[in-house]
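As structure tokens, the structure follows; a few thoughts come after it.
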Amino acid sequence: MTTPIRPVLAASIAVFRQGRVLLARRAAAPGAGLWSLPGGRVEPGETVAEAALRELGEEVGVKARIEGVAGVRDIILRDEAGMLTGHFVVVAHAGLWLEGEPQTGEEASAVGWFDPACICALPVTEGLEQMVAAAARVAGGIRQG
């Protein structure tokens, strides 16, 4: 008997510094090779905000202050036959950089600060441009140095 697939709660964060947003290129599936916001699964006993900050530190070595929630996104994965293989519910936060220079690692093969208006030229995860725009509105993304 197959275990039913259930939605997995995850958190991410759009961190802004001097008007630029921090993106990480995913090193593993799903979305390997695509630029995205740092993030990952929420652990038991952890709030979504705590998870976003923990994942930010673990994934790219940066600390930030959360300004609010930018939005929620469903990531529904299916195989070639259309069968459901995964479902993630990601709560995306908006934040302002506090300290640390982004580093690559197991989860991020590349990292960088990008002009939010120019990320459309990158290979990105679905909905990233809209989420970054929403996060910029929440965080006033251009205001921090």
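Kindly indicate whether any position in region 63-86 is under 23 Å from ALA133 (Cβ atoms), at pLDDT below 95 and in contact with a Leu (Cβ under 6 Å, 6 or more places away or on another chain).
No; the residues of region 63-86 include none that is under 23 Å from ALA133 (Cβ atoms), at pLDDT below 95 and in contact with a Leu (Cβ under 6 Å, 6 or more places away or on another chain).
Which condition does GLU43 not pass, out of (1) within 22 Å of ILE5 (Cβ to Cβ); (2) in contact with an Asp or Glu (Cβ under 9 Å, 6 or more places away or on another chain); (3) in contact (Cβ under 8 Å) with a residue 40 or more places away in the chain, if it passes all the others?
Among (1) within 22 Å of ILE5 (Cβ to Cβ); (2) in contact with an Asp or Glu (Cβ under 9 Å, 6 or more places away or on another chain); (3) in contact (Cβ under 8 Å) with a residue 40 or more places away in the chain, GLU43 violates only (3).
Can you tell me how many residues in region 54-71 are hydrophobic (A, V, I, L, M, F, W, C), in a helix (DSSP H, G or I) and within 11 Å of ILE13 (Cα to Cα)?
Looking only at that region, the number is 1.
Could you please find all residues in region 115-141 being surrounded by fewer than 16 Cβ atoms within 10 Å (Cβ to Cβ) and either in a strand (DSSP E or B) or touching a helix residue (DSSP H, G or I) at 6+ places or on another chain (Cβ under 7 Å) (or both)?
Matches in region 115-141: CYS120, GLU129.
Test of understanding: among ARG78, ARG73, ARG41, which residue is within 17 Å of GLU126 (Cβ to Cβ) and under 14 Å from the mean Cα position of the chain (by Cα)?
ARG73
I need a count of the residues in region 33-72 that are surrounded by 15 or more Cβ atoms within 10 Å (Cβ to Cβ), under 16 Å from PHE16 (Cβ atoms) and not hydrophobic (A, V, I, L, M, F, W, C).
5
What's the number of the only condition in (1) surrounded by fewer than 17 Cβ atoms within 10 Å (Cβ to Cβ); (2) free of Cβ contacts under 8 Å to residues at least 60 places away in the same chain that HIS87 fails to meet?
If we test HIS87 against (1) surrounded by fewer than 17 Cβ atoms within 10 Å (Cβ to Cβ); (2) free of Cβ contacts under 8 Å to residues at least 60 places away in the same chain, just (2) comes out false.
The values are calculated or read from the model by the stated rules, or taken from the named source; none is laboratory data. Remember, it's a predicted structure, so these values are computed and weren't measured experimentally. Glycine also receives a Cβ, built like all others from the backbone with ideal geometry; neighbour counts cover every protein chain displayed.
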